[in-house]
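Read-outs throughout are calculated quantities, based only on the coordinates presented, and are distinct from any laboratory measurement. The structure presented is a predicted model; accordingly, all values stated were derived computationally and were not measured. Backbone-built Cβ (ideal geometry, glycine too); neighbour counts: all protein chains shown.
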Amino acid sequence: MRFVVYDDSRLGLLRDESVVDVSDLAGAGAGEWPPVFLLRAIAGFGRLRPRLDEALRSRQGVPLDRVRLQAPVVFPTKVIAAPVNYRAHIEEMRPLVKGELHAIEKYGVFLKAPSSIVGPGATVELPFPDRRTDHEVELGVVIGKAARDVPEAAAMDYVFGYTGVMDITVRGDEDRSTRKSFDSFTPVGPVLVTADEIPDPHGLQLQLWVNGEQRQNGNTRNMIWNVPRLIDYASHVMTLYPGDLLSTGTPEGVGPLKPGDEVTLEVERIGRMSVRVELRKR
Ligand code: MN
């Protein structure tokens, strides 16, 4: 199944190029606070699935180009991310980092503020006119059930699905959680694909373009820590909850953004989405 969140916090399923509204089945819609409809749907997916299947068979859809997509990850308890999880990315970072540069084995994982999530078509706001701010394209893993101390061998049972992520990053000396948590710094989408449709997430092409020029073209097979290893590690630190987003690190090709840019990501079997870049006004 391919979940989308659209218009004013509606929940839909993609059927070819149309959106089937299943908001009623998940209690989704405008005005809910906290907005936990997607977390409920993920946590209760086993019970909900027969009704979602029936909706896909029987309901009329609306054309995808008639809706406004939002991020298909809503109000996760946390966004966990992997630093330096591709070897080739280590090499390109050497000139930018003072001191020795290590890989994920040394750093562990870090957190991004969930409030930094935005969806397709959003505007990424650069907070500083004079500091380098980079794009990173990553595979996002959405957790399906509470996970604590999950060993690698069992980890894939805890995956609900996959989505695309841009991990926007100000370069500099502050803690990663500061440099990567500005509002709009985590574009997510365009869809959330359930794990049954992607049995192995370790052979997916990750691509990113700026103004139509390709900047990144990597493959998830080159992760240093693969998805089960990341879940094993992260769940040893903190309990993962349904709907939590785990961003798995960027391949090489990161580069600076400037106001006016259009940035497009494409993750194989998930889809393509674009955001614009502007200088933040305050
Ligand atoms: Mn990253």
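Some notes on this structure:
- Residue with peak Gaussian network fluctuation, the chain [Cα springs, cutoff 10 Å], from VAL254, VAL188, VAL97: VAL97
- Helical mean residue ellipticity (222 nm; -39500 (n - 2.57) per DSSP H run of 4+; nearest 500) of the chain: -5000 deg cm²/dmol
- Estimated vicinal HN-Hα couplings, Hz - segment 128-143 in sequence order (Karplus 6.51, -1.76, 1.60; Gly, Pro = x): 10, x, 10, 10, 5, 10, 10, 8, 9, 9, 9, 7, x, 10, 9, 7
- Peptides 70-82, 121-133 ranked from most to least packed give 70-82, 121-133, packing being the mean of other C-beta atoms within 10 angstrom over each peptide's residues.
- With R₀ fixed at 41 Å, the C-beta to C-beta distance from ASN219 to GLU32 puts the FRET efficiency at about 0.60.
- Around ASP232: net Lys/Arg minus Asp/Glu count, Cβ-Cβ under 9 Å: -1
- Partners for LYS281 among aspartates and glutamates (Cα-Cα distance below 15 Å; same-chain residues under 8 apart left out): GLU125, ASP130, ASP183
- With a cut-off of 14 Å between beta carbons, the residues surrounding PRO95 carry a summed charge of -1, where Lys and Arg count +1 and Asp and Glu -1.
- In loop segments of segment 134-235 as defined by DSSP, the GluC sites (Glu not before Pro) with at most 13 further C-beta atoms inside 10 Å of their C-beta are GLU174.
- What you get for segment 1-106, charging only the Cβ of Lys and Arg (+1) and of Asp and Glu (-1), is a dipole of about 260 debye around the Cα centre.
- For the chain, modelled as a GNM whose springs connect Cα atoms under 10 angstrom apart, the maximal fluctuation among ARG221, ARG229, ARG94 occurs at ARG94.
- Choice from ARG57, ARG269, ARG49 with maximal GNM fluctuation in the chain (Cα, 10 Å cutoff): ARG57
- Sorted from greatest to least, the principal axis extents spanned by the alpha carbons of segment 207-282 come out as 41, 34, 21 Å.
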